[in-house]
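The values are calculated or read from the model by the stated rules, or taken from the named source; none is laboratory data. Everything numeric here is computed off the predicted structure, so don't read it as measured data. No Cβ is skipped: glycine too gets one built from the backbone with ideal geometry, and neighbour counts run over all protein chains shown.
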Amino acid sequence: MTVNSRELRGLIVCGVALVSFAAGSLTTARLAHTSRVRAESNRVFELRIYHAVPGKVPALEARFRDTASKLLAKHGLDAIGYWVPEDAGAFDNTFVYILAHPSREEAKKNWEAMHADPGFQEMMKSEQADKLVDKVDSIYMRPTDFSLIK
């Protein structure tokens with residue numbers, strides 16, 4: 001098989017294009033996996049543990065699903081997620097959620113605004129009529145330097 005100079009130039013151009021494409025793809029893939037640079041912040045997380053009256057976790061879940069989660073969002077209280085234990089035992093009557101706050105000061109301001117909301121006050125009156133919660137634990141947490149969520 002004989003290759004003339006025109007075909008040879010075409011093969012060289014195709015080869016260079018293919019190598020360039022591969023190098024660009026590898027570079028892009030490598031850049032996409034670099035660590036993100038994060039600005040320092042005062043962001044904190046709040047772990048809230050509700051110790052429900054025995055047998056009332058389903059009603060508490062419904063209250064958060066239908067009312068409380070909307071009030072939290074309305075007042076800038078950013079819920080990361082809600083959980084209930086899968087296994088029975090010491091945590092059988094527990095409802096847990098985590099909030100993200102830009103800072104402790106913002107958390108305080110947003111909680112105060114929520115507590116002043118007529119919708120929240122009505123929900124609390126309902127709580128007095130049909131008690132769902134025995135106790136609430138609240139723990140503010142800062143992310144560690146190796147945490148995936150900051």
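Of the residues contained in region 132-145, one or more are found to be touching a residue at least 12 places away in the same chain (Cβ under 8 Å), in contact with a helix residue (DSSP H, G or I) (Cβ under 8 Å, 6 or more places away or on another chain) and among the hydroxyl-bearing types (S, T, Y). In summary, no helices (runs of 4 or more DSSP H) completely within region 24-126 bear 3 or more residues that are modelled with pLDDT under 95 and in contact with a Ser or Thr (Cβ under 9 Å, 6 or more places away or on another chain).
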